[in-house]
Amino acid sequence: MQRSLRRFVKKSPHWAVAILAILLVSFYWFVWAQDRYVSRATVVLESPQVATPEISLSSIMGGSGGNTQDLLLLREHLLSVDMLRRLDEELNIRDHYTEHGDIFARLRNHDAPIEDLHKYYLRRVTVELDEYAGVLNVQVEGYTPEFAHQMTTLLLEAGEAHMNEMGHRLAEEQVKFLEQQMVRLDERFSETREALLEYQNEYGLVSPTDTVANINQVVATLEADLARLQAQRTALSSYQSAQSSELRQVERNISALRDQIVEQRDRIAQASGDSLNSVSAQYETLELQAQFAQETYSSALAALENTRLEAARQLKQVSVLQSPLMPEYPTKPDRLYNSSVFAIITIFLAFILSMLIMIIKDHRD
């Protein structure tokens, strides 16, 4: 038996090494490796059912992401170094992972740097996003069922608090920004209204535009009367002399109408710049500025109120579909799976090495 074994080792050392490695690894997984308990939870993020605002800062700037983006943010926070520090402060995970587990699975250094501890943490905590169902699956491995359950529960509580804090902070920043804009817009609106009132008082006109329209109507009426008198003058001159009293009266009326028309037109347009058309143009500019300031102020008021309502929508509640499981028996490590995978890979490598050895021998011969 020993001779056969020695002959086999001498003839096929690679197979001997492969078999020995499989036996050692199988011994480790089935005998030496310490059990780990797994606590699982499935959660989804929900927001209060508040009507979507028509005008808000977030809608102007493109809005926020969907539920999937929120779940990804929650996932990154659960796997972050900040979360690791909180877990270490409240559960003292360094003690748990250094005092339990075999030599290959435990945390070897209790005072390991945060980078090494985070790498180990990622080996014991798994957070996966199910995009089809829109849920987050959390899985925590611990060497006692109580620790795994406590760690999973704390992860969910801290994740919900973090998402709510983010939502509150964003809403507060939006409201603060809009309140600052409201102060500036209110001052601008007051300034434009005062400028409009001062301009009206300066020229004694409530609406220069309406005054210009009325004068134009008066001029049109005067021109109609002038045309009528000119026609009357033509008719009279055909059978009366130029010295007749009736014709001279018509001439005086025509002259008076022409003077009145010139006077009214001068009120509308003059080279001096104080004419009504210039006053009206300036008034229209001030009125447009005041209207724009009023509309902007009204829009900002609506945006402020809607943003305050939207603050409620920023709250994210972690709804638990599967509460943190209190494991009753260990499910890790996957002893049979790990041993089988290692054995298959080792046999495959040994087979490749055998083929290479055979090829080399054939070339030597």
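The values are calculated or read from the model by the stated rules, or taken from the named source; none is laboratory data. What you are looking at is a predicted structure, and each value in this text was computed from that prediction instead of being measured. Cβ coordinates were reconstructed from backbone atoms using ideal geometry, including for glycine residues, and neighbour counts include every protein chain displayed. Areas reflect the complete protein model, heavy atoms only, side chains present, ligands, DNA and RNA absent. Shrake-Rupley method; radii C 1.70, N 1.55, O 1.52, S 1.80 Å.
Brief remarks on what is shown
- Answer residue from segment 103-148, given it is open to solvent by 60 Å² or more (accessible area, probe 1.4 Å) and not in a loop (DSSP other than H, G, I, E, B) and is farthest from ARG335 (Cα to Cα) among those: GLU115
- Residue under evaluation ARG265, criteria (1) modelled with pLDDT of 75 or more; (2) open to solvent by 70 Å² or more (accessible area, probe 1.4 Å); (3) within 17 Å of ASP225 (Cβ to Cβ), criterion not met: (1)
- Within segment 79-102, being open to solvent by 80 Å² or more (accessible area, probe 1.4 Å) and closer than 16 Å to GLN34 by Cβ holds for one residue alone: GLU99.
- Search result, residues across segment 145-193 that are small (Gly, Ala, Ser) and at pLDDT 75 or above: ALA148, ALA158, GLY159, ALA161, SER190
- Filtered by the rule that a residue be under 27 Å from MET326 (Cβ atoms) and either open to solvent by 30 Å² or more (accessible area, probe 1.4 Å) or modelled with pLDDT of 90 or more (or both), segment 44-73 gives a lone residue, GLU46.
- When the residues of segment 293-321 are filtered to those that are open to solvent by 80 Å² or more (accessible area, probe 1.4 Å) and over 30 Å from PHE189 (Cα atoms), the one that is modelled with the lowest pLDDT is GLN317.
- Residues of segment 327-345 satisfying the condition of being of a type in the set (Asp, Glu) and within 17 Å of PHE27 (Cα to Cα): ASP334
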